[in-house]
1. Could you name the aspartates and glutamates whose alpha carbon sits less than 20 Å from that of residue 241, not counting residues in the same chain fewer than 8 places away?
2. Treating the angle as unsigned and between 0 and 90°, give the value, to the nearest 10°, between the Cα long axis of helix 21-32 and the longest Cα principal axis of the chain.
3. Where a Cα-Cα gap under 22 Å defines reach, which lysines qualify for residue 50, not counting those fewer than 8 residues away within the same chain?
4. Describe numerically, in nm with one decimal, the distance between label points set 7 Å from Cα along Cα→Cβ at residue 2 and at residue 97.
5. With springs connecting C-alpha atoms under 10 Å apart, model the chain as a Gaussian network and identify which of 220, 134, 65 has the largest mean-square fluctuation.
6. For every helix of n ≥ 4 consecutive DSSP H residues, a contribution of -39,500 (n - 2.57) applies; sum these over the chain, divide by its total residues, and give [θ] at 222 nm rounded to the nearest 500 deg cm²/dmol.
7. Residue 20 to residue 122: FRET efficiency via 1/(1 + (r/R0)^6), r the Cβ-Cβ distance, R0 22 Å, to the nearest 0.05?
8. Using only Cα atoms and rounding to the nearest 10 degrees, what angle (0 to 90) does helix 99-108 make with the longest principal axis of the chain?
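Bear in mind these aren't lab numbers, they're just calculated from the coordinates by the rules spelled out. Please read these numbers as outputs of a predicted model, since none were measured by experiment. No Cβ is skipped: glycine too gets one built from the backbone with ideal geometry, and neighbour counts run over all protein chains shown.
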Amino acid sequence: MNPIKLVVLDMAGTTVLDQHEVEKCFKEAAIKNELWASDERILALQGYAKLEVFTMLWAEQLGSSDTSISQKALKSFEDFKTILEDHYRKNPVFQTEGCQELFDYLHKNGIFIALTTGFYRTVANIILTKLGWSQSLNQNFINLRNKSGIHLSVTPDEAGEGRPSPKMIQFAMKQIGITQLSEVINVGDTPVDLAFGKNAGVRLALGVCNGTHTREQLASFPNDGLLHKIDDLIQIIEDLKNEKI
């Protein structure tokens, strides 16, 4: 079996510490626009591109045939963008537990790191800049010679479609020059992250359980393993190298 050459990681909740800021900002925008969605429903849709989420929720509230859905979704999304960007500009951003250890291991072993997200590019850039992960990336958000941080950042803006479509993984593979899905692992902390990896057909579609969803919440969705924290991936890659799994 081919060795792992690319690890695709989610941002918020997987590599970026989630403090429920996305749900809070989403909820604020929803209430401002009189969109009534439960906290549980909003959490269940974490990881999707946010305009798509607003469209889904407005369709649920108004009925899918309502002609105002697109307009209401766009207005809600614009308010959400303003609220979210303001939050991230004013507040600190932190890596998740084990993230730096994983990055160090992947660099040491010559494995590329691509970050994918449901965020649009502006917010992704704010977060990447605060964490120091964007400093060496070029205008296309890539640097394959990077010796620390990430090699590539992908949002739905570049790939053309967000999760659960596999397009962001496919885009990352093309940018890096990887053609074999057996050389790719995807990790995220939401059900849609798991579906994302499964739809792409990567070697392993893994979940991490200390982000937005617990092990119990993720266990019922198709997956190839659930991690306690992100650097548990190190042992999995070592086991693959030694053909233990």
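1. 101, 104, 183, 224, 231, 232
2. 20
3. 24, 27, 32, 72, 75, 81, 90, 130, 167, 198
4. 3.5
5. Comparing 220, 134, 65 in the GNM, the peak value goes to 65.
6. Calculated at 222 nm, the ellipticity per residue is -13500 deg cm²/dmol.
7. Efficiency for this residue pair is about 0.60.
8. That works out to roughly 40 degrees.
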